[in-house]
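Every read-out reported here was derived from the displayed coordinates using simple, explicitly stated rules and does not represent laboratory data. These figures come from a predicted structure and were not determined experimentally. Cβ placement follows ideal geometry from the backbone for every residue including glycine, while neighbour counts extend to all protein chains displayed.
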Amino acid sequence: MKPIDRVLDFLHLNLDDRQHQQLLTFGQWLATEAVAAGGIGSGDLSRLDSRHLADSLLFASQLGPVAEVWDLGSGVGLPGIPLAIVRPETSFVLIDRSGRRVNLARRAVRVLGLENCQVEREEIGSLTGPAPALVARASLSPDRLRPIAEHLLSPGGVIVTGGSWIRRPQPEGWVAIEIPEDVLGQPVWLLKMRRS
């Protein structure tokens, strides 16, 4: 079973044919256009499914039902675009400061026909909330994300960030969620924080 299929099974998500095709198309787009433009390193091609697509989908396990999610430091659309594909009822705002990456993410959104996804070029420090939910994958450390999340999140809002593929992270103020080893072939941790 492919890593994406194991994650979808773990999340109890049943996708329709269009969503499956969008995930496949996005993976192909990452492997061709995103790599060629330098949005993803060519060394990641062999682990594109597990390290980028399946890993991004894991964030859905901690978001709960929310109307809108901001993806901070989205780059070429990770984790925001895979999440927008599997959560069509949720609006996603992908935010990055790099004009080149923003243009790439906008192109991917157009190619995929994602109507629930917009891409904005902004500095994270200049954003004003409130946001019901935030995700951040490989953009800022948990220590740097914590005050940003406390500033941007609406009361009760959550932020989910990538934790580690190596060992259980323990940053102050965050809850570490372990994803079982059989999902991606090794333990993976996400970090979650809820604003009071």
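At-a-glance table
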{"quantity": "Cα centroid separation - segment 130-150 against segment 153-184, whole Å", "calculated": "12 Å"}
{"quantity": "Residues with amide H under 5 Å from that of L94, placed H, sequence gap 5 or more", "calculated": "D71, Q118, V119, E120"}
{"quantity": "Shape call, segment 32-122: gyration tensor on alpha carbons, a/c limit 1.5", "calculated": "oblate"}
{"quantity": "Amide H contacts under 5 Å for I40, placed H, 5+ residues apart", "calculated": "V35"}
{"quantity": "In Hz, Karplus ³J(HN,Hα) per residue of segment 55-65 (6.51, -1.76, 1.60; θ = phi - 60°; x = Gly, Pro)", "calculated": "4, 5, 5, 4, 4, 4, 5, 10, 7, x, x"}
{"quantity": "Amide hydrogen neighbours beyond the local backbone of G157, cut-off 5 Å, H modeled", "calculated": "R195"}
{"quantity": "Cβ charges +1 (Lys, Arg) and -1 (Asp, Glu), total dipole of segment 3-194, debye", "calculated": "440 debye"}
{"quantity": "For segment 84-196, with +1 on Lys and Arg beta carbons and -1 on Asp and Glu, the positive-most of L94, A133, I177 along the dipole", "calculated": "L94"}
{"quantity": "Cα gyration tensor shape for segment 3-194, rounded if a/c is under 1.5, else prolate or oblate", "calculated": "rounded"}
